Structures are given as structure tokens and as C-alpha cells.
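Inspection log for the structure reproduced underneath, given as C-alpha cells.
The values are calculated or read from the model by the stated rules, or taken from the named source; none is laboratory data. None of these values were measured; they are calculated from a predicted model. Please note: Cβ atoms are built from the backbone with ideal geometry, for glycine as well, and neighbour counts cover all protein chains shown. Side chains included, ligands, DNA and RNA excluded: accessible areas come from the protein's heavy atoms. Shrake-Rupley method; radii C 1.70, N 1.55, O 1.52, S 1.80 Å.
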Amino acid sequence: MPKQVDYEARRRHIAEAVCDLIDRHGPEGATLRDVARQAGVSMGAVQRCFATKDEMLVFALRHITERVTEQGKAEIEASAAPESAVTLLSATLRTLALIEPDQQRDARIMAAFTAHAATNPPLAEILREAHAKTRDLLAWLVRYGQQTEEFRGDLDADLAAETLLPLVEGLTTLALVGHRPTVPARDTLTRLVAALLM
């Protein structure tokens, strides 16, 4: 009887190999041949999962953005007071900033994807979608904080979200180059949230 292959699991496994190569060499280093070697599968297995390199990169970017989202949910669920808007927003910003030591790999990979997206419209579209969803989430968290009377009622939630997101993304870049390492970056995030308080 032929061996059954879980293609979705294989695609995720290959996506991790893509991310490993991008972490070390950038998107240019993620050739189909090198990805197959990194994943420990044949070239044919990679080509059965992805028709082109661009399709593989698109899947890998979606894979890593979903993983970062799941990490954020896990941190929120592990919080002592998950119903608190301050807790929720702080945990979300920490996850988005990718400033913790165990997030540095993802930060490098996301930075490489972002740079590559400047000349790759499908990747740029994924990042735009992720940015819009994240902005909407931050705006919702600010509104929630206004309802619980933790955040100032005079805040424009959409404007606050539009302000917070690029600041957090900037922290990621500064942390990557060692200009704003983990502890000062955490302090900056704490101040960003404190500015919203009643």
C-alpha cells in the first residue's frame, strides 16, 4: 500500500527550512535545491509542494506570521490577568516587537522578508494584509481599554494604533542591530502603554 503523505505538514516542514536558510543567507539563499537539502527531502518533494520559488516564499511568510500570532495568543493566555486591556496590549506589543532573545530568529527572518518585499509584490501584499490586521487589533485593544476605563477616553483608537505599530516595528529594527536591546526596548513598550492610561 502506498505511503500516505501529509502534504500540509510537509509544506510547513519545508517552510521551516526556508526560514532557516533566509535567517542565514536571506531570501536569495532559499533556492529549491538548498531548501530540499535543508529540509531533508528530495527536490521532487519540494516541487510537488510548491511549483515555484515565489510560491514557496509566500507560504513561508504566511507560516511565520501565523506563528508569531500564535505566540502572541499564548502569551496573553498565560498572563495573570488576561481580561486587563493593559495586559492584553502589553503582551501584544511585546510579541509584535520581536525583541526577546528567543524571538531574534523570527525578527531576522521578518526583516529579510520585508526587505525582499520591496521588489516582490506577492510578499508585499501579505505584509500589507498582516499590517492592516495588526492595526485593527491594536485599535480594538485601545477601544477595549477605554470601555474598561483603563485607557483615556479622549484617545482616537485608530490614530493610536497607527502610531503604535510603526513605533513597535522600529523597535524591532533597532533591537536587531543592537542599538536598542531587549531591556531598554521593553521599557519603551511600557512607556508607550503608560501614555494611554487614564
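Being within 18 Å of the chain's Cα centre (by Cα), open to solvent by 80 Å² or more (accessible area, probe 1.4 Å), under 15 Å from Thr95 (Cα atoms) and of a type in the set (A, V, I, L, M) is a description that applies to Leu167.
Of all the residues in the stretch 131-160, those that are more than 28 Å from Leu61 (Cβ to Cβ), in a helix (DSSP H, G or I) and among the hydroxyl-bearing types (Ser, Thr, Tyr) number 1. Is it the case that some residue within the stretch 172-184 is closer than 15 Å to Thr114 by Cβ, open to solvent by 70 Å² or more (accessible area, probe 1.4 Å) and at pLDDT below 95? Yes, that holds for at least one residue.
Condition first: closer than 30 Å to Gly145 by Cα, of a type in the set (Gly, Ala, Ser), in a helix (DSSP H, G or I) and open to solvent by 10 Å² or more (accessible area, probe 1.4 Å). Can you find one or more residues in the stretch 112-121 that meet it? Spell out how you get there, then give the answer.
From the stretch 112-121, those closer than 30 Å to Gly145 by Cα are none; that's our starting set.
No, because not a single residue in the stretch 112-121 is closer than 30 Å to Gly145 by Cα, of a type in the set (Gly, Ala, Ser), in a helix (DSSP H, G or I) and open to solvent by 10 Å² or more (accessible area, probe 1.4 Å).
Residue pairs whose Cβ atoms lie under 8 Å apart, separated by 6 or more positions or on different chains, with the first residue in the stretch 148-167 and aromatic (Phe, Trp, Tyr) and the second not in a helix (DSSP H, G or I), are Phe151/Leu196; Phe151/Leu197; Phe151/Met198.
Only residues that are touching a residue at least 40 places away in the same chain (Cβ under 8 Å) and either open to solvent by less than 30 Å² (accessible area, probe 1.4 Å) or under 29 Å from Arg105 (Cβ atoms) (or both) were counted across the stretch 132-147, and they come to 5.
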